[in-house]
1. Is it the case that the stretch A:182-200 has a residue that's over 28 Å from A:Val273 (Cα atoms), surrounded by 19 or more Cβ atoms within 10 Å (Cβ to Cβ), touching a residue at least 60 places away in the same chain (Cβ under 8 Å) and not hydroxyl-bearing (Ser, Thr, Tyr)?
2. Could you run through the stretch B:1-23 and say how many residues are facing another protein chain (nearest Cβ under 8 Å) and among the acidic types (Asp, Glu)?
3. Among the residues of the stretch A:103-123, how many are open to solvent by 40 Å² or more (accessible area, probe 1.4 Å) and either outside any loop (DSSP other than H, G, I, E, B) or among the hydroxyl-bearing types (Ser, Thr, Tyr) (or both)?
4. When you check A:Glu66 against the structure, is it of a type in the set (Asp, Glu), within 26 Å of the chain's Cα centre (by Cα) and away from chain B (no Cβ under 12 Å), yes or no?
5. When only residues in the stretch B:24-57 that are away from chain A (no Cβ under 14 Å) and among the aromatic types (Phe, Trp, Tyr) count, which is most open to solvent (accessible area, probe 1.4 Å)?
6. Any residue at all in the stretch A:98-110 that is of a type in the set (Asp, Glu) and in contact with a helix residue (DSSP H, G or I) (Cβ under 6 Å, 6 or more places away or on another chain)?
7. Quickly run through the stretch A:32-51 and pick out the residues that are assigned to a helix (DSSP H, G or I), at the interface with chain B (Cβ under 7 Å from one of its Cβ atoms) and open to solvent by 30 Å² or more (accessible area, probe 1.4 Å).
8. Right, A:Ala57: more than 14 Å from chain B (Cβ to nearest Cβ), among the aliphatic types (A, V, I, L, M) and open to solvent by less than 90 Å² (accessible area, probe 1.4 Å) or not?
Amino acid sequence: MELTEFIIKTITILVVFVLTLVIAMYSTWGERKVAGFIQDRMGPNRAGPGGLLQPLADAGKMFFKEDFIPALASKWLFIAGPSLAMLTALLASAVIPFGSTIRYDGVEVVLQGVESNIGILYVFGVVALGVYGIMIGGWASNNKFSLLGAIRAASQNISYEVAMGLSLIAILMMSSSLSLGEIVSQQHGGNWNIFYQPLGFIIFLTCSFAECNRVPFDLPECETELVGGYHTEYGSMKLGFYLFAEYINMFVSSAIISTLYFGGYNYPGMDWVYNQLTASLGSTTGHNIATLIGTGVFFGKALFFIFFYMWVRWTLPRFRYDQLMNLGWKKLIPLAIINIIITGASVLFLKPFITSLLN
Amino acid sequence: MTLMERAYLPAIATGMAITLKHFFKKKVTIEYPEVKRYLGPVFRGRHILKRDAEGRERCTACGLCAVACPAEAISMIAAEREKGEETLYREEKYAAVYEVNMLRCIFCGLCEEACPKQAVYLRHDEFIPVFNDRNQVIWGKDLLVEDMNNRYTREAWTKEEARLLDMKRANGEATNVVPRAIP
């Protein structure tokens with residue numbers, strides 16, 4: 001690898017990393033604001049204008065609390081738990097395409113950490129690893145309640161991963177590619193997957209709620225049944241990492257949803273905008289500005305889904321554990337399989353028929 | 001359950017529509033230190049030792065307020081008025097020291113009721129400010145006696161009067177009511 005390429009990749013990855021962290025940080029603020037607004041309150045508004053410094057204050061508080069490890073806990077695993085949760089949450093954002101390319105000095109820079117031809121598979125692999133963070137943390141606490149919470153989280157995540165993967169197969173049958181960049185560029189010009197896969201989208205969305213351990217599937221945390229959940233014994237920044245990992249996961253899954261179903265950085269009429277900008281500002285500046293608009297659109301979509309997560313959280317009551325399992329295994333998985341069959345039949349019979357009609 | 005109910009998604013959509021409606025609603029919060037709520041004409045806030053129309057202290061240090069006080073928050077030392085102090089004190093006896101312990105006071109208003117000279121009142125418009133030092137707890141005459149440049153008046157004295165005043169204000173009559181004469 002050449003040095004310039006190496007430096008460019010390093011910078012892109014750093015930017016992606018920092019952006020993910022900042023968005024996750026401000027999601028905590030957004031969550032509290034949204035909660036407040038939905039409940040006719042103001043939300044945090046004392047720290048800084050509109051409460052914007054609240055995440056910093058929370059982080060400061062977390063860092064200065066006593067870093068406590070229970071006497072009978074497995075010390076290294078107790079530390080490894082939150083670290084793994086953070087690590088796996090952050091890894092997934094590397095393959096998300098945030099925009100097309102930026103031209104600088106004759107070099108085309110792709111706004112994506114790593115362009116991988118198995119991008120979506122990588123995301124699934126990393127998300128599946130996220131269970132380890134929770135499981136190890138819950139087990140290392142040497143507390144039965146923590147362990148129960150962790151087991152709940154693990155079984156929930158594994159159950160919903162199945163339906164999630166199956167709903168994704170329908171998308172892959174249409175795109176015939178695992179690369180996220182490829183899937184996005186196929187949705188160019190308002191040709192979004194949501195119009196072809198509404199059922200798949202609903203299944204994927206439901207499963208991503210369960211994967212992020214968000215309401216209505218937030219059973220790993222339960223004060224009435226489990227004291228706290230898998231992080232009962234955690235305090236200080238280790239607890240902070242667990243909570244923070246949840247918000248990072250939320251951003252990553254919002255980004256994945258907008259990439260897979262809502263065309264990523266594509267928006268209707270982007271060709272017209274691109275032509276106008278390149279005509280008036282030249283092929284370099286115009287191209288860069290068009291890319292930045294696309295990136296803005298992408299972040300708009302992702303932020304909308306983050307808002308959607310919060311909106312659902314403050315609307316729906318949670319499921320009971322047996323209802324959760326019933327929904328996952330008896331409803332979502334059969335639905336996803338039906339979706340695959342319908343998609344397969346459409347790709348095989350309907351698509352040639354419609355294309356022959358159009359030609 | 002019907003199929004619509006079992007599908008669960010329409011119910012979710014209605015629920016989310018309701019929460020979204022609340023999202024854009026006007027918030028009920030009163031942002032306290034910046035915005036203060038009117039607590040009514042009979043709210044019992046901080047104490048004040050009234051002066052009469054000529055600026056003489058009304059208190060004669062009879063001690064009835066201290067006797068009436070259920071929390072024993074009030075203490076005073078009486079003194080006799082000297083020659084030449086007629087402009088300062090209304091009667092021959094006055095309170096040289098008058099202290100209210102604000103940690104003991106329960107703001108019941110019994111001192112107000114007990115006072116035969118209409119000297120002590122609990123203001124309806126001011127609180128005791130938050131104190132963080134023990135020296136700030138006991139309020140002496142320097143804090144309690146009324147400032148003649150900034151006199152304390154109460155426009156309505158009972159809930160009925162306040163309601164009447166509100167009605168008059170709402171109708172555009174009588175923006176300012178002359179306070180009840182003190183005997």
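The values are calculated or read from the model by the stated rules, or taken from the named source; none is laboratory data. Keep in mind it's a predicted model, so treat the numbers as computed, not measured. All Cβ positions, glycine included, derive from the backbone under ideal geometry; neighbour counts span all protein chains shown. Protein only, heavy atoms only, side chains kept; ligands, DNA and RNA dropped before computing areas. Shrake-Rupley method; radii C 1.70, N 1.55, O 1.52, S 1.80 Å.
1. Yes: the stretch A:182-200 contains one or more residues that are over 28 Å from A:Val273 (Cα atoms), surrounded by 19 or more Cβ atoms within 10 Å (Cβ to Cβ), touching a residue at least 60 places away in the same chain (Cβ under 8 Å) and not hydroxyl-bearing (Ser, Thr, Tyr).
2. 0
3. So the answer is 7.
4. no
5. Here the residue is B:Tyr38.
6. The answer is no; no qualifying residue exists.
7. Listed by number, the list holds a single entry, A:Phe37.
8. yes
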